[in-house]
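Working notes, beginning with the structure itself.
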Amino acid sequence: MQEKINEIYQNALNAISQANDLKALDEIRVAYLGKSGLVTGLLKGMRDLPQEERPKVGQMVNELREKITTVMSQKESELKSAEMNNALASERVDVTMPGKKDDLGSLHPINLVRNELIEAFAGMGFEIYEGPEIELDEYNFRLLNIPQDHPARDMQDTLYITENILLRTQTSSGQARVMQEKKPPLKILSPGKVYRADDDATHSPMFHQMEGLVVDKNITLCDLKGTLEAFLKKMFKDDLKTRLRPSYFPFTEPSVEVDVTCFECKGKGCHLCKGTGWIEVLGAGIVNRRVLENCNINPDEYQGFAFGIGLERIAMLKYGIPDIRLFFENDVRFLKQFK
Ligand code: DAH
């Protein structure tokens, strides 16, 4: 019996020393100590021994089980620490390797211009008002002195949803809303998207405008000129000159077009200004008294000036962009240039 036990012990030691991972070690555990393992088999075989030998043999088998268990747990901790070392070595992070750079996004040029405009006007005390893009005919046209059959409706290729509901063609619609909602004095800046059925290199069916409205006592064309000049100098160059040219908008009287000296030739005349030395940048005027009346403001007590700026136009001028469609094609190569 002793011999047999020694043999099993030797075999177990050999097997354990050769096991090179935890799985192999577990298989050895099952083969020796499991339910139908060799050591367990010895205990079962005791039934066939004479009564007086059983305690001795039982003790020997138990010792064998303990010895094998001890050797196994030593081996187990060896294997575990080897595995851990392997994992540490193979999963080591080399902190000196160059990192993967995330591509940083940038603001869209229209947003850049929008922010710059807001900043310039916020410094002069203007407040932001955002009106709806789906608008009533009343605010987009009628209250602004453009009745149903007014020929000025032809200036704007309107996208109608129903007879009375449309996609706003101009942020001027916000003027009427503000004047109805709030009491003067007012100093409002209203940026947003506008829509017209128009599509070529300088017109897009969706584009952005920024509306300005000031209503107070004793407002004159000089206030308009001074305000816009301060803004344009901040936006473009300090040394630019501005001029007001007579124009027509139904909601202003008088109405003007504001020109600035050409950025490229400084007024001498070039391809950009088509030889005139001047570039048109926005429309403006003194709020028509009929618009004030329509919005329940007494025109004998209050006057106002208003202006409308096309953001794409400003961005095209500022960055020298030749085609409005570039803004909306989402070509990253184009957009990246405005960081
Ligand atoms: N709404 C005009 C347009 O879309 C721009 C404009 C001109 C707005 C004169 C104004 C203004 O407030 O006074 O063409």
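The values are calculated or read from the model by the stated rules, or taken from the named source; none is laboratory data. Quantities reported herein were computed from a predicted structural model and do not represent experimental measurements. Please note: Cβ atoms are built from the backbone with ideal geometry, for glycine as well, and neighbour counts cover all protein chains shown. Surface accessibility is based on the protein's heavy atoms, side chains included, excluding ligands, DNA and RNA. Shrake-Rupley method; radii C 1.70, N 1.55, O 1.52, S 1.80 Å.
Spread over its residues, the convex hull of the C-alpha atoms of the stretch 106-149 is 124 Å³ per residue.
Length available on full extension from LYS217 to ASP238: 0.36 nm per residue minus the Cα-Cα distance, which gives 4.6 nm. If I take all pairs of Cα atoms in the stretch 171-311, what percentage of them are more than 20 Å from each other? Result for the distance tail: 51 percent.
Roll a 1.4 Å probe over the protein chains and send me the accessible area per residue for the chain in Å². Present the calculation step by step, with values, prior to reporting the outcome.
Details: 19450 Å² over 339 residues.
With all protein chains present, the chain gives 57 Å² per residue.
Counting 0.36 nm for each residue step from ASN298 to LYS182 and taking away their Cα separation leaves a gain of 40.4 nm. Here the dipole of the chain is about 720 debye; that uses its Cα centre as origin and unit charges on the Cβ of Lys and Arg (positive) and Asp and Glu (negative).
Candidate cross-link partners of LYS23 among the aspartates and glutamates, defined by an alpha-carbon separation under 18 Å and a same-chain spacing of 8 or more, comprise GLU76, GLU78, GLU83.
Compared with the dominant principal axis of the Cα atoms in the chain, helix 109-122 is inclined by about 60°. Across the stretch 200-212, computed HN-Hα scalar couplings (Karplus, 6.51 cos²θ - 1.76 cosθ + 1.60, θ = phi - 60°) run 7, 5, 10, 10, 10, x, 10, 8, 10, 10, 9, 9, x Hz from first to last residue, x flagging Gly and Pro.
Within the stretch 104-206, list the trypsin sites (Lys or Arg not before Pro) lying in a DSSP loop whose Cβ has at most 12 other Cβ atoms in a 10 Å radius. Within the stretch 104-206, no trypsin sites (Lys or Arg not before Pro) qualify (loop, at most 12 other Cβ atoms within 10 Å). Only aspartates and glutamates eight or more places from LYS266 in sequence, or on another chain, were considered; those with a Cα closer than 17 Å are GLU229, ASP238, ASP239, GLU280.
Here's the list of lysines a cross-link from LYS56 could span, going by alpha-carbon distance under 23 Å and ignoring same-chain residues fewer than 8 apart: LYS4, LYS35, LYS44, LYS67.
Centre-to-centre separation between the Cα atoms of the stretch 1-61 and those of the stretch 258-277: 102 Å. Counted by Cβ distance under 13 Å from LEU136, the other residues give a net charge of -2, where Lys and Arg count +1 and Asp and Glu count -1.
For CYS262, the residues whose amide H sits under 5 Å from its own are GLY267, TRP278, ILE279, ignoring neighbours fewer than 5 places away on the same chain, with H placed 1.01 Å from N. Between helix 221-235 and the chain there is an angle of about 30 degrees, using the helix long axis and the longest principal axis of the Cα atoms. Applying 0.36 nm per residue to the separation of ASN86 and GLU138 and subtracting their alpha-carbon distance, the gain on full extension is 11.1 nm.
For the pairs LYS234/LYS274; LYS318/LYS339; LYS183/LYS234; LYS183/LYS217; LYS217/LYS241, flag any whose C-alpha to C-alpha distance is greater than 20 Å.
Working: LYS234/LYS274 24 Å; LYS318/LYS339 14 Å; LYS183/LYS234 30 Å; LYS183/LYS217 12 Å; LYS217/LYS241 28 Å.
Among LYS234/LYS274; LYS318/LYS339; LYS183/LYS234; LYS183/LYS217; LYS217/LYS241, the Cα-Cα distance tops 20 Å for LYS234/LYS274; LYS183/LYS234; LYS217/LYS241.
Phi-derived couplings, Karplus 6.51 cos²θ - 1.76 cosθ + 1.60 at θ = phi - 60°, listed residue by residue for the stretch 242-258: 10, 9, 9, 10, x, 8, 9, 9, x, 8, 10, 7, x, 10, 9, 10, 9 Hz, with x used for Gly and Pro. Between the stretch 69-148 and the stretch 206-227, how many Å separate their Cα centres? So the two Cα centres are separated by 37 Å.
Taking 56 Å as R0, compute the FRET efficiency from the Cβ-Cβ separation of LYS67 and THR96 and round it to 0.05. With R0 = 56 Å, the Cβ-Cβ based efficiency is 0.70. Model label points for GLU78 and ARG333, set 7 angstrom from Cα along the Cα-to-Cβ axis, are 6.4 nm apart. Taking the chain as a whole, the Cys residues whose C-beta sits 4.7 Å or farther from every other Cys C-beta are CYS222, CYS295. Relative to the dominant Cα principal axis of the chain, helix 22-33 is inclined by about 30°. Size descriptors for the stretch 83-164 (Cα atoms only): Rg and Dmax, in that order, 28.2, 86 Å. Annotation: for a label point projected 7 angstrom from Cα along Cα→Cβ of ASN6, no residues of the stretch 53-73 have a backbone N closer than 13 Å.
Out of the GluC sites (Glu not before Pro) in the stretch 32-117, which ones are loop residues according to DSSP with at most 12 other C-beta atoms within 10 Å?
On the way: sites: GLU52, GLU53, GLU63, GLU66, GLU76, GLU78, GLU83, GLU91, GLU116; in loops: GLU91.
Qualifying residues, ordered by number: GLU91.
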